[in-house]
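The values are calculated or read from the model by the stated rules, or taken from the named source; none is laboratory data. Fair warning: this is a prediction, and the values are worked out from it, not measured in the lab. Methodologically, a virtual Cβ is constructed for each residue, glycine included, from the backbone with ideal geometry; neighbour enumeration extends over all protein chains shown.
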Amino acid sequence: MIDIRHGQRVRRLQVLAVLAGLLTVLAIFLNIGGNETPQTTGRMGKPVLPDFAEARADAAEIRITLADESYSLINGPDGWTLKGSGGYPVRADRLASLAGGLGDLTWGEGRTRDPGKMNRIGLGDPRDGGTGALIEIINEAGTVTASLITGRKGSIVYARLPGEEQAFRVNGDLPPLYNHDAWLDLDIIDIHSDAVSAVRLFDARGNSLYLQRSVGSSDRSFRPAPPYQDYRLVSRIAASTPALALTRFQPIGVKPASKLTTRPVARHITETHDGLEVDLQAYREPDGYFVTLRAIEAGEGAQRGSTINQKASGWAFELTEFDWNEFTPSISSIVRPPQPSDPASPAQP
């Protein structure tokens, strides 16, 4: 009996020891993760950048430094642009979100002071390869008038001043800073697939085709129109894909059209039921796949055409190779010319 009780006691002690070990590991894990006890400081509730309004008024440049890149927004004669884009305007909504966010940020609880934990909450100094984003406001004299290292863990925004080792949770929000292309205002065209009535295609070999459909018909209803009415479709999707390519227009970059070094290899003209035409020319450049746009104003489409031209005139927009190929198919991949010896056959689904 004594042996049995002794064995039970030993097992209980072993279980307690295991539980104590697990609790210790859990405590260490939470501590490493940066979940330290919040610290009340004299900064709580105060503006993170108290002089930001003055710095904003004098701003000539906003520089964002990340571990793997840096980029700048430049305040020039034509407004704010992304440096290196040839003067292309940045998105006004994102700029307003950044400026408003910086002005509204207030200090919250103090967090870790451990330099080794800064990267876990996105506050490692990017100049040393850390995970944070350094924001600097620079005036015309080249002086940094406001600066902040910011980061995010989940939905929580953290910040610290450069040179300080104290991390803080902050109240407020900032737009994403880790993709410089996201600052470009590349929302050029908004055309629904139902609006497209026809498309004219000219391929690299000089062949041409006109595809058309009636109002209210499906996306796969495009057919060769005069003088190509006797051509046979390879498939309906082979026709609808290029016919509706402009409705999926999503540039990934931009440069001045004056910087194009090649001649256009294809042409793609989209027509809408209400009279808008968008003439696109495609270029295979050494540095990527580009297109230029020109809207032809007609009828009810005049206002939209003018809006497109205001954004697109003078610029070449970069596309992914996949998207660019939708604007530049060979005519032979869409239709087959009529053969006198072959009977007409219906299009394949």
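Taking the options 145, 131, 81, 106, name whichever one is assigned by TED's automatic domain parsing to the domain that holds residue 171, touching a strand residue (DSSP E or B) at 6+ places or on another chain (Cβ under 9 Å) and under 30 Å from residue 258 (Cβ atoms). So that I can check it myself, show each step before the final result.
Values: 145 fails: under 30 Å from residue 258 (Cβ atoms); 131 fails: under 30 Å from residue 258 (Cβ atoms); 106 fails: under 30 Å from residue 258 (Cβ atoms).
Selected residue: 81, the only one of 145, 131, 81, 106 that is assigned by TED's automatic domain parsing to the domain that holds residue 171, touching a strand residue (DSSP E or B) at 6+ places or on another chain (Cβ under 9 Å) and under 30 Å from residue 258 (Cβ atoms).
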I'm checking my understanding of the structure. Among residues of the range 133-151 that are touching a helix residue (DSSP H, G or I) at 6+ places or on another chain (Cβ under 7 Å) and more than 16 Å from residue 103 (Cβ to Cβ), which one is surrounded by the fewest Cβ atoms within 10 Å (Cβ to Cβ)? 134
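Could you tell me which residue of the range 158-203 is farthest from residue 282 (Cα to Cα), considering only residues that are of a type in the set (Gly, Ala, Ser) and touching a helix residue (DSSP H, G or I) at 6+ places or on another chain (Cβ under 6 Å)? If you could, list the steps in order and put the result at the bottom.
Restricting attention to the range 158-203, the residues satisfying the condition of being of a type in the set (Gly, Ala, Ser) are 159, 163, 167, 172, 182, 193, 195, 197-198.
Okay, now just the ones that are also touching a helix residue (DSSP H, G or I) at 6+ places or on another chain (Cβ under 6 Å), so 172, 193.
Numbers: 172: 44, 193: 21 Å.
Across the range 158-203, the extreme among qualifying residues is 172.
Select, from 154, 100, 116, the only residue that is surrounded by fewer than 20 Cβ atoms within 10 Å (Cβ to Cβ) and over 16 Å from residue 176 (Cβ atoms).
Numbers: 154 fails: over 16 Å from residue 176 (Cβ atoms); 100 fails: over 16 Å from residue 176 (Cβ atoms).
Of 154, 100, 116, the one residue that is surrounded by fewer than 20 Cβ atoms within 10 Å (Cβ to Cβ) and over 16 Å from residue 176 (Cβ atoms) is 116.
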Sole exception among (1) within 30 Å of residue 181 (Cα to Cα); (2) in contact with a helix residue (DSSP H, G or I) (Cβ under 6 Å, 6 or more places away or on another chain); (3) aromatic (Phe, Trp, Tyr) for residue 249, by number: (2)
Could you check residue 226 against (1) without any contact (Cβ under 8 Å) to a residue 40 or more places away in the chain; (2) closer than 30 Å to residue 82 by Cα and say which number it fails? (2)
Selection within the range 40-51 - at pLDDT below 95 and surrounded by 15 or more Cβ atoms within 10 Å (Cβ to Cβ): 43, 44
Can you find a residue that is hydrophobic (A, V, I, L, M, F, W, C), surrounded by fewer than 19 Cβ atoms within 10 Å (Cβ to Cβ), outside any helix (DSSP H, G or I) and in contact with a strand residue (DSSP E or B) (Cβ under 6 Å, 6 or more places away or on another chain) anywhere in the range 175-197? no
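Could you tell me which of the residues 163, 216, 130 is over 30 Å from residue 312 (Cα atoms) and either loosely packed, with under 14 Cβ neighbours inside 10 Å or free of Cβ contacts under 8 Å to residues at least 60 places away in the same chain (or both)?
Working: 216 fails: over 30 Å from residue 312 (Cα atoms); 130 fails: either loosely packed, with under 14 Cβ neighbours inside 10 Å or free of Cβ contacts under 8 Å to residues at least 60 places away in the same chain (or both).
So the residue among 163, 216, 130 that is over 30 Å from residue 312 (Cα atoms) and either loosely packed, with under 14 Cβ neighbours inside 10 Å or free of Cβ contacts under 8 Å to residues at least 60 places away in the same chain (or both) is 163.
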Given (1) more than 30 Å from residue 249 (Cα to Cα); (2) in contact with a Pro (Cβ under 9 Å, 6 or more places away or on another chain); (3) modelled with pLDDT of 95 or more, index of the condition residue 165 fails: (3)
Could you list, in sequence order, all residues of the range 266-294 that are among the hydrophobic types (A, V, I, L, M, F, W, C) and modelled with pLDDT of 95 or more? 266, 269, 278, 280, 282, 290, 291, 293
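Table: residues versus (1) within 23 Å of residue 194 (Cβ to Cβ); (2) in a helix (DSSP H, G or I); (3) small (Gly, Ala, Ser).
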{"residue": "218", "(1), (2), (3)": "yes, no, yes"}
{"residue": "264", "(1), (2), (3)": "no, no, no"}
{"residue": "284", "(1), (2), (3)": "no, no, no"}
{"residue": "304", "(1), (2), (3)": "yes, yes, no"}
